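Heads up: the structure comes next, in structure tokens.
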Amino acid sequence: PTGITVSLIETGNTTGVFQLNILATSTDSNAVSSPPQIKVAANDVVTLKYTDASPSATISSTMTIETTDPVFSNMLPAEGTAGTVSRPEVSGDITDVDSSITKTTVQVLFAIDDNGDGIIDVETVVGDHQTAVTVDAADRTAITGGYHVVQRLPAAMAPSANATIYWWLKATDVALNVGISDRQPTISGVANTCDDDAFVTAWAASFIGDNVATSTPVAGCQPFSVKVDFTKPDMTAAVTGPWWDTASVATDKTQSTVSKAKNTSIRVDFAEDLDGTSVQA
């Protein structure tokens with residue numbers, strides 16, 4: 001509560017500008033360490049005061065110690081959405097009610113999985129497989145405490161074959177807290193913490209070859225995914241007899257008992273999920 005007193009150093013001969021970095025820390029205050037440090041806690045208000053001897057004057061300013069990461073919401077499209085558009089558009093809200101978001105730090109991180117196995121693949125002639133896109137002013141809309149952002153997959157990343165596009169939102173607030181979007185902050189009722197610092201370090205080192213479901217810094221910050229699917233549905237089998245038993249309480253109501261088979265029914269199997277409303281006999 002009594003604070004510390006430090007001496008400032010002129011930035012150069014006769015510049016008239018005096019500066020000093022002071023470290024905010026959760027440990028003890030120390031005015032003579034290098035750099036000097038002052039003990040703070042989250043949401044503390046620190047007063048910086050300078051007194052001039054001649055002419056006599058006191059100038060002061062305050063800053064709030066804010067340690068809350070940006071918050072992400074309204075992420076679209078929904079997880080696992082599939083389509084034939086090679087450059088899908090993603091969007092979301094980024095807010096920070098304590099200090100607001102630094103708009104120039106807002107990014108969408110894209111990574112490409114060509115094989116559907118969760119592994120970010122090596123870059124090919126098709127295009128980049130890991131890119132951080134800084135969202136332009138035209139794609140940012142100011143909202144309370146932050147921004148709504150919309151970003152299309154860059155042309156250089158557009159897949160020419162089936163692929164899964166993983167994506168995250170990233171932003172830094174005015175207090176320099178970095179935030180990464182996390183699709184699953186809890187899994188089966190258990191907290192699944194996103195380590196922003198570890199994620200940023202791993203991203204800088206490259207996600208190429210990493211599995212987003214098992215790589216430690218990635219898995220803690222679960223991505224959203226969009227599937228690009230150019231392949232028509234493939235009918236893999238057709239079997240006479242099985243039928244859909246509406247009296248069954250099971251999710252899969254297929255009745256496959258041979259003795260109950262119907263000669264008016266055919267079960268048709270496909271190699272992937274279908275839009276059920278599009279199926280015609």
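Laid out as a table, the results:
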quantity: Dipole magnitude (debye, nearest 20) for the chain, charges at Cβ of Lys, Arg, Asp, Glu; calculated: 480
quantity: Fully extended contour minus Cα-Cα distance, from SER54 to SER188, at 0.36 nm per residue; calculated: 41.7 nm
quantity: Prolate/oblate/rounded label for the chain (Cα gyration tensor, a/c 1.5); calculated: prolate
quantity: Trypsin sites (Lys or Arg not before Pro) within segment 225-281, DSSP loop, no more than 15 other Cβ atoms inside 10 Å; calculated: LYS253, LYS262
quantity: THR81 accessible area, 1.4 Å probe, all protein chains in place, Å² to nearest 10; calculated: 50
quantity: Residue-by-residue Karplus 3J(HN,Hα) for segment 265-281, coefficients 6.51, -1.76, 1.60, Hz, glycine and proline x; calculated: 10, 10, 8, 10, 9, 10, 7, 8, 5, 10, 7, x, 6, 8, 6, 10, 5
quantity: By accessible area with a 1.4 Å probe, ligands and nucleic acids excluded, highest first: order of ASP96, ASP210; calculated: ASP210, ASP96
quantity: Accessible surface, segment 167-281, averaged per residue in Å² (probe 1.4 Å); calculated: 62
quantity: Accessible surface of the chain [probe 1.4 Å, protein heavy atoms]: carbon and sulfur percent; calculated: 53
quantity: ASP197, ASP229, reordered so the largest accessible area comes first (probe 1.4 Å); calculated: ASP197, ASP229
quantity: ³J(HN,Hα) computed for each position of segment 3-14 - Karplus, 6.51 cos²θ - 1.76 cosθ + 1.60, integer Hz, glycine/proline x; calculated: x, 10, 10, 10, 9, 8, 10, 5, 6, x, 4, 6
quantity: Centre separation in Å (Cα based) which lies between segment 7-28 and segment 53-98; calculated: 29
quantity: For SER54, solvent-accessible area (1.4 Å; no DNA, RNA or ligand), Å²; calculated: 100
quantity: Global form of segment 1-143, assessed from the alpha-carbon gyration tensor, a/c cut-off 1.5; calculated: prolate
quantity: Rounded, prolate or oblate (a/c below 1.5 giving rounded, otherwise prolate when a/b exceeds b/c) for segment 63-147 by Cα gyration tensor; calculated: prolate
quantity: Note, ³J(HN,Hα) from phi for segment 187-195, Karplus 6.51, -1.76, 1.60, rounded to Hz, x at Gly and Pro; calculated: 10, 6, x, 10, 4, 10, 5, 8, 8
quantity: Computed E for LYS260/ASN115 - FRET, C-beta separation, R0 30 angstrom, nearest 0.05; calculated: 0.15
quantity: Unit charges on C-beta of K, R, D, E only; dipole of segment 164-254, Debye; calculated: 240
quantity: Inter-centroid distance (Cα atoms) of segment 241-281 relative to segment 143-187, Å; calculated: 40
quantity: Probe 1.4 Å, all protein chains present, accessible-area order of CYS221, CYS194, largest first; calculated: CYS194, CYS221
quantity: Nearest-20 debye value, segment 109-188 charge dipole, Cβ charges on Lys, Arg, Asp, Glu; calculated: 320
quantity: Two-site FRET efficiency, ILE208 against THR246, from Cβ-Cβ distance with R₀ of 41 Å, rounded to 0.05; calculated: 0.25
quantity: Computed [θ] at 222 nm, helices only, for the chain once each DSSP H run of length n ≥ 4 contributes -39500 (n - 2.57); calculated: -1000 deg cm²/dmol
quantity: Under 5 Å, built H, 5+ apart or other chain: amide partners of PHE224; calculated: TRP167
quantity: Between 0 and 90°, nearest 10: helix 196-205 axis offset from the chain longest Cα axis; calculated: 80
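The values are calculated or read from the model by the stated rules, or taken from the named source; none is laboratory data. Bear in mind the structure is a predicted one, so any value in this text is a computation, not a measurement. Note that we place each Cβ from the backbone using ideal geometry, even for glycine, and neighbour counts take in every protein chain shown. Protein only, heavy atoms only, side chains kept; ligands, DNA and RNA dropped before computing areas. Shrake-Rupley method; radii C 1.70, N 1.55, O 1.52, S 1.80 Å.
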